[in-house]
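Data first, discussion second: the structure below is written as structure tokens.
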Amino acid sequence: MNAVRAAGDGGVLAGVCSTVDAVGPEAVFLLRDVNSGVSAIVVVDNLAYGPAIGGVRMASDVTVDEVARLARAMTLKNALARIPHGGGKAGIVADPLMPARDKEGVIR
């Protein structure tokens, strides 16, 4: 799996993601498995209240900005619910309607 990580003061992140502000994201990971051709995006939006939690979106057209917005939503949901976690989200660039046996292989 090849990975690219962008983090820091926002200068590097701004080139990867258009939703960068003082709250986050703290890190964006762009992943690609050259053997299967599967790409994924992981956004860690904010860790102020604890480790990031979120979910996974699988779509053939998922983008870094979409995953970043979803990660921000998790940050806000966790803060409003007083859950001691930050927000994060992952996106897998693949067809969610693929056969279950193929989907399991992509997710693993």
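Any read-out appearing in this document is the output of simple, stated calculations on the displayed coordinates, not a laboratory observation. These numbers were taken from a predicted model, which means no experiment stands behind them. Glycine also receives a Cβ, built like all others from the backbone with ideal geometry; neighbour counts cover every protein chain displayed.
A few notes on this one:
- Of all residues making up region 67-108, the number that are of a type in the set (Gly, Ala, Ser), assigned to a loop (DSSP other than H, G, I, E, B) and crowded, with 16+ Cβ neighbours inside 10 Å: 1
- Unique match (being without any contact (Cβ under 8 Å) to a residue 60 or more places away in the chain, within 19 Å of the chain's Cα centre (by Cα) and farther than 14 Å from Ile53 by Cβ) among Lys77, Lys103: Lys103
- Any hit, region 59-66, residues being farther than 11 Å from Gly91 by Cβ, in a loop (DSSP other than H, G, I, E, B) and within 14 Å of the chain's Cα centre (by Cα): no
- Positions within region 28-55 being free of Cβ contacts under 8 Å to residues at least 40 places away in the same chain, farther than 19 Å from Cys17 by Cα and in a strand (DSSP E or B), in sequence order: Asp33, Ile53
- Among the residues of region 35-58, those identified as under 16 Å from Val93 (Cβ atoms) and among the hydrophobic types (A, V, I, L, M, F, W, C) are Val38, Ala40, Ile41, Val42, Val43, Val56, Met58.
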